[in-house]
1. By how many nm would the segment from residue 9 to residue 118 grow when fully extended, if each residue of separation counts as 0.36 nm and the alpha-carbon distance is taken off?
2. Highest GNM mean-square fluctuation, the chain, Cα pairs closer than 10 Å: which of 67, 119, 17?
3. Take each of the peptides 86-93, 99-106, 18-25, average the number of other beta-carbon atoms within 10 Å over its residues, and list them starting from the highest.
4. On average, how much area does the Cα convex hull of the range 9-57 cover when viewed from any direction, in nm²?
5. Below 8 Å, C-alpha to C-alpha, sequence gap of six or more: please give me the relative contact order for the chain in percent.
6. Run through the DSSP bridge list for the chain and note the antiparallel percent, rounded to the nearest 5.
7. Holding the Cα-Cα limit at 26 Å, pick out from 33/77; 33/118; 38/118; 77/142 the pairs that are longer than that.
8. Compute log10 of I(q)/I(0) for the range 46-146 with the Debye formula, placing one identical point scatterer on every Cα and leaving out solvent, at q = 0.13 Å⁻¹, to two decimals.
Amino acid sequence: MSQNLSETDLSHLQEALNRSGQKVTPQRETVFKVLLAKRDHPTVDEVYNRAREAMPGLSLATVYNCLETLVSSGLVKQVNIEREPTRYCPNLAPHAHFHCRDTGRVYDVPVPAGTMEKLTDVLPGKYQADSVELVFRGHLSKGTSS
């Protein structure tokens, strides 16, 4: 993992945290860096283990708090798949997820522009969606590799 966030990522972190009344801390910066370094939708435990490489004294409670702050400030999305642990995704562009039952991995799935918004057209009556989460579940097709 690189030592520092890029200027663009650091600026994005500062702006988002400022908007939500929060400050950049070394812990929040480290957790955000972990999420950006390997975009594999890690669980809290995976974030914790990776972050401790850069900041050995970091506690699990601090990682939970940092993730909560990053989510509430709009920098990261929570990805909840059935009864599995929550995963974290820094990709804020509209997209779906694919959950491979064989490996447990979660992948981003790009969707054509406007698709996620169009899905709200099927809502009954006067219901209005605040967000749309689309998850495909399946497995690797035989004869292919990941």
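Readers should treat all values here as calculations from the given coordinates under stated rules, not as data from a laboratory. Remember, it's a predicted structure, so these values are computed and weren't measured experimentally. When we count neighbours, we look across all protein chains shown, and the Cβ atoms used for this are built from the backbone with ideal geometry, even at glycine.
1. Values: separation 109, 0.36 × 109 = 39.24 nm, distance 3.02 nm.
Extending this stretch completely gives an extra 36.2 nm.
2. 119
3. Averaged packing, sorted descending, gives the order 86-93, 99-106, 18-25.
4. 3.6 nm²
5. Relative CO of the chain lands at 19 percent.
6. Here the share of antiparallel DSSP bridges comes out near 70 percent.
7. Beyond 26 Å between Cα atoms: 33/118; 38/118; 77/142.
8. -0.63
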